[in-house]
1. Given H placed on each backbone N at 1.01 Å, which residues far from N113 in sequence or on other chains put an amide H within less than 5 Å of it?
2. Cα gyration tensor of region 22-105, axes a ≥ b ≥ c as square roots of the eigenvalues: rounded (a/c below 1.5), prolate (a/b > b/c) or oblate?
3. Which FRET efficiency, nearest 0.05, do Y166 and I197 yield, Cβ-Cβ r, R0 51 Å?
4. When the Cα centres of region 80-142 and region 2-49 are compared, how far apart do they sit, in Å?
5. Assuming 0.36 nm per residue, please report the length gained on full extension of the stretch V183 to K75 beyond their Cα-Cα distance.
6. In square nanometres, what is the average projected area of the Cα convex hull of region 5-171?
7. Let me make sure I get this right: for region 1-55, a, b and c are the square roots of the gyration tensor eigenvalues over alpha carbons, sorted descending. Under 1.5 in a/c it's rounded, otherwise prolate if a/b > b/c, else oblate. Which is it?
8. What GluC sites (Glu not before Pro) in region 63-92 are in a loop by DSSP, with at most 15 other Cβ atoms within 10 Å of the Cβ?
Amino acid sequence: MPIATKVADRIASGLKRFQPILIAAKSRDVNESDTSMIVTDMMAELLGYDKYTELTKELTIKGTYCDLATRIEGKIQMIIEIKAIGVELKESHFKQAVDYAANQGIEWVALTNGHIWKVFKVTFTQPINAELVLELDMFSLNPKDKNHVESIYLLTRESMLKSGLYAYYDQSQATNKFDLAAVVLSEPVLDSVRREIRRLYPDVRIQIDDLRTAIIEEVLKREVIEGEKAEAARKKVQKSMGKLLKTRKKKGESPSLVPEADLSEEHKAKHDTSMPG
């Protein structure tokens with residue numbers, strides 16, 4: 001993604017400055033309050049937020065103050081839950097922050113101990129869901145590596161103003177393993193696979209259900225076809241296919257989502273007589 005030279009330089013120099021600070025803090029096993037001071041400085045000097053107008057510890061949610069929040073043009077962008085640098089980050093740590101975010105309609109939550117940063121996208125479903133979108137290890141990032149600089153950029157003020165995290169999230173969703181599995185198991189894709197198999201084995205009868213079973217049992221991992229995320233992905237793909245079918249019908253086009261394969265006349269004849277459907 002394009003990053004202004006001035007911003008890239010700030011990220012690189014900021015990373016160089018804070019890496020030894022973080023390493024020293026971890027060796028001293030500083031407490032949460034001292035870690036919070038370092039994180040606040042990182043938000044300002046590394047990520048570009050104005051410390052006095054765009055960072056706040058005064059956000060009250062359900063009578064409790066959050067550790068830190070970013071606020072641009074009066075709107076809260078992200079809640080940041082901070083733990084001591086020596087504390088291993090766990091799911092229980094960000095649950096409260098996610099509850100805060102859901103209560104206020106805030107979509108982004110970061111959990112950090114200064115060393116590790118985890119960024120979650122909150123989805124306002126029932127129940128509320130939080131998906132890990134980005135994880136950074138500040139000790140291992142190289143200020144001279146363009147990809148590392150781009151990863152940090154996603155958390156910057158400039159990125160927030162350009163919806164950079166949203167774009168990154170959408171990109172990651174496009175290759176989400178649950179969505180990919182649902183697409184592979186959809187009727188149009190299975191039909192296309194069956195046609196290609198007919199090219200290889202024109203005398204073999206094979207049905208869509210046989211293909212689906214083979215792919216589920218022999219190709220895909222169970223984790224991508226079972227559970228809530230897999231079911232949500234299936235519904236998403238079905239909805240998308242349904243919209244495409246309606247559009248084609250309105251235009252008077254064939255409702256089929258897969259064009260007829262370019263089979264030889266001999267193979268088409270075999271297909272017509274020995275492989276119905």
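Each reported figure results from applying straightforward, stated rules to the coordinates on display, with no laboratory input. What you see is a predicted model, and the numbers here were worked out from it, not measured in a lab. Ideal geometry is used to build each Cβ from the backbone, glycine not excepted, and the neighbour counts take in all protein chains shown.
1. Distant-sequence amide H within range of N113: K83.
2. Working: a/c = 2.34, a/b = 1.26, b/c = 1.85.
Oblate, since a/c reaches 1.5 and b/c is not below a/b.
3. Computed FRET efficiency for Y166 and I197: 0.80.
4. Cα centroid to Cα centroid, the span is 18 Å.
5. Working: separation 108, 0.36 × 108 = 38.88 nm, distance 3.71 nm.
Result: 35.2 nm gained on full extension.
6. Numbers: hull surface 37.8 nm².
Computed as one quarter of the Cα hull surface, the answer is 9.5 nm².
7. Working: a/c = 3.59, a/b = 1.55, b/c = 2.32.
In terms of gyration-tensor shape, oblate.
8. Values: sites: E73, E81, E88, E91; in loops: E73, E88.
Loop-located and lightly packed - E73, E88.
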